[in-house]
1. What ³J(HN,Hα) values, in whole Hz, does the Karplus curve 6.51 cos²θ - 1.76 cosθ + 1.60 give for the stretch 83-92 when θ = phi - 60°, with x put for Gly and Pro?
2. Take the alpha-carbon centre of the stretch 81-98, take the same for the stretch 166-181, and report the distance between them in whole Å.
3. Name the residues whose placed amide hydrogens come within less than 5 Å of the amide hydrogen of residue 148, ignoring near sequence neighbours (fewer than 5 apart) on the same chain.
4. How far is it, in nm, from the label point at residue 82 to the one at residue 18 when both lie 7 Å from their Cα along the line to the Cβ?
5. How do 22-29, 168-175 rank on mean C-beta neighbours within 10 Å, highest first?
6. Only residues of the stretch 150-178 count here: report those whose backbone N is under 16 Å from the spot 7 Å along Cα→Cβ of residue 133, or say none.
7. Hey, can you rank 135-142, 104-111 by average C-beta count inside 10 Å, highest first?
8. May I ask you to list the trypsin sites (Lys or Arg not before Pro) in the stretch 125-157 that are in a DSSP loop and have at most 11 other Cβ atoms within 10 Å of their Cβ?
Amino acid sequence: MKRWLAIPLGIALAWLLFTLSPLWTLYNFADAVRRHDTAYVETHVNFRTLRLSLVRQIVGAVRVATDSDEDLDPRDRQRLNEVAYGLALALAESLVTPDTVIDLLDDGWPDKLDLRKPDGARTTGLAIHGFGKLMAYYAAAEMRGFRAVVVPIPPEGPRAQRTRIRLRLRGLTWRLVDIEMAEALRGEIAAKLARALAKARIGAGGGK
């Protein structure tokens, strides 16, 4: 009987250790952010995947704004969506660098970019000062199958104020592959691009 019990207990222990393994990477990321260690970030971030994700987030935020504008005809809306994609791609390029990833994870806001932080917006970065904080991240983390985990930053607080990062296992190493920006940040980026799109709309109207 004891031998049969050892098998499920061993499996449960192995699963527990596996779910704890991303915490080591998370702790190292927090330390890299604190020390501004761009070398660590450069080797532990999939910048291609991150760039594509940020483009999708930015374009999605802008598209919501343009789709709600009933004054746009389908042709103008299509043209503005194409312009939005180009602007989002350029902005994502500026966001996806080791320095800017650290800047974003430091307090949830890319201070080096010309983006106004809304009044009352509370942003918190990736900081792990003790075992208790590490366990708070563990409790809030969401395993996505065997090779991915989503971690909210901070682990507590309203979802709209959280930055969410996704780590994916590659070989024996967890790497950061996605940063889901907080709602306030996405809104500010969309507002900035909307101003640029307004100019494009004026140009489109002048060509009629």
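1. Running phi through 6.51 cos²θ - 1.76 cosθ + 1.60 with θ = phi - 60° gives 5, 4, 5, x, 5, 5, 5, 5, 5, 4 Hz.
2. About 21 Å separates the Cα centre of the stretch 81-98 from the one of the stretch 166-181.
3. Distant-sequence amide H within range of residue 148: 169.
4. 4.7
5. Values: 22-29: 18.4, 168-175: 13.8.
Descending mean neighbour count gives 22-29, 168-175.
6. Answer for the stretch 150-178: 152-157, 163.
7. On the way: 135-142: 15.0, 104-111: 20.6.
So the peptides 135-142, 104-111, ranked by packing, come out 104-111, 135-142.
8. Working: sites: 133, 144, 147; in loops: 147.
Here the trypsin sites (Lys or Arg not before Pro) that fit, given the DSSP loop and packing criteria, are 147.
Each value in this text was obtained by applying a stated rule to the coordinates, not by laboratory testing. Note that the structure is a prediction, hence the values are computed from the model and not measured. Cβ sites come from the backbone with ideal geometry, for glycine too, and all protein chains shown count toward neighbours.
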